[in-house]
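Read the structure below first, then the notes.
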Amino acid sequence: MKDVIIACDFPDEKATLTFLQPFMGLARKPYLKIGMELYYAAGPQMVRKIKESGFSIFLDLKLHDIPNTVKRAMQVLKNLDVDMVNLHAAGGTEMMRAALEGLTRDDGTRPILIAVTQLTSTSQDVMTKELLIDRPLDEVVMHYAKNAQSSGLDGVVCSPLEAGKVHDVCGSGFITVTPGVRFAGGEAGDQKRVTTPGMAAELGSDFLVMGRPITGAQDPVEAYGRAMREFNQQ
Ligand code: C5P
């Protein structure tokens, strides 16, 4: 069964726990994405509490610093017992290898580690004029994905529309975690290029990240169930 990760883009612990309450009765609790806003507001205690309630957690903190600092930060995160964490591939292969080292527990287990290639908010124009990277955006994204793979990482965050190409370049076992997903006929909001859960599955996404179509639904448990069924093409 492939997972739909619910993006818990809430401002604080209270709002998050209120949202999660109806999910407590599910036999298989959802995967949740906790990003910078909530982590900085509510901290590691809240992550532990949610994890202890049986949810899986993708901690979306996008680390990017010198290798030693990232390694030491990952050593702290590994003790939170989360299931997936990420970093910026732009930090380079030495940083990514250091991150993996820091994240690996004494028994050899570790959370899934994925990379952000280029943020979807970075356009070709910004890349060329501000960052002075003169290659096509698509080539840079695939190159960063290959760097992540050669550093030992498990996958990347990308659009469902890029998932097939990432698999062509890095192999089918390299994980694609894909936001920008909406139900057919739903509001796109600020997402520019959206796909449905079923389309994302056909395009090869391994994990979906869905926020507002679930968090803003009248019945979030029902919306999550629908996303899971469509993504798993049941
Ligand atoms: O509400 P929505 O479904 O648009 O939420 C998508 C989630 O995925 C948000 O938490 C957003 O920050 C995240 N995300 C994204 N696009 C990326 C990377 C992360 O939408 N390229």
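Things worth noting here:
- Considering the conditions (1) within 30 Å of GLU101 (Cβ to Cβ); (2) assigned to a loop (DSSP other than H, G, I, E, B); (3) within 15 Å of the ligand (Cβ to nearest atom), ALA217 is excluded by exactly one of them, (1).
- Some residue of the range 156-176 being out of contact with any helix residue (DSSP H, G or I) (no Cβ under 6 Å at 6 or more places or on another chain), more than 9 Å from the ligand (Cβ to nearest atom) and among the β-branched types (Val, Ile, Thr): yes
- Checked against the criteria, ALA89 counts as under 16 Å from the mean Cα position of the chain (by Cα), buried (at least 18 other Cβ atoms within 10 Å of the Cβ) and either of a type outside the set (S, T, N, Q) or away from the ligand (no atom under 16 Å from the Cβ) (or both).
- Number of the exception - VAL221 against (1) of a type in the set (A, V, I, L, M); (2) open to solvent by less than 30 Å² (accessible area, probe 1.4 Å); (3) touching a Phe, Trp or Tyr at 6+ places or on another chain (Cβ under 7 Å): (2)
- Residue check for GLN234: in a loop (DSSP other than H, G, I, E, B), within 16 Å of the ligand (Cβ to nearest atom) and open to solvent by 30 Å² or more (accessible area, probe 1.4 Å): no
- Selection of the range 125-175 for residues being farther than 24 Å from ALA201 by Cα and open to solvent by less than 30 Å² (accessible area, probe 1.4 Å) yields MET127, VAL140, SER151.
- Where TYR31 falls short, out of the listed (1) touching a Ser or Thr at 6+ places or on another chain (Cβ under 6 Å); (2) away from the ligand (no atom under 16 Å from the Cβ): (2)
- Qualifying residue in the range 3-18 (condition: closer than 18 Å to VAL156 by Cα and either in a loop (DSSP other than H, G, I, E, B) or open to solvent by 20 Å² or more (accessible area, probe 1.4 Å) (or both)): yes
- Every listed requirement among (1) under 18 Å from ILE112 (Cβ atoms); (2) open to solvent by 10 Å² or more (accessible area, probe 1.4 Å); (3) among the polar types (S, T, N, Q) is met by GLN45 save one, (1).
- Condition met for ASP65 (at pLDDT 95 or above and assigned to a strand (DSSP E or B)): no
- Some residue of the range 180-201 being under 21 Å from MET142 (Cα atoms), away from the ligand (no atom under 11 Å from the Cβ) and of a type outside the set (Ser, Thr, Tyr): yes
- With respect to the conditions (1) polar (S, T, N, Q); (2) modelled with pLDDT of 95 or more; (3) out of contact with any Phe, Trp or Tyr (no Cβ under 9 Å at 6 or more places or on another chain), GLN191 lacks only one, and its number is (2).
- Among the candidates LEU80, LEU132, LEU59, the residue that is at positive phi and either within 14 Å of the ligand (Cβ to nearest atom) or part of a loop (DSSP other than H, G, I, E, B) (or both) is uniquely LEU132.
The values are calculated or read from the model by the stated rules, or taken from the named source; none is laboratory data. All values reported here derive from a predicted model rather than from experimental measurement. Note: ideal-geometry Cβ built from the backbone for every residue, glycine included; neighbour counts use all protein chains shown. Accessible surface areas use protein heavy atoms only, side chains included; no ligands, DNA or RNA. Shrake-Rupley method; radii C 1.70, N 1.55, O 1.52, S 1.80 Å.
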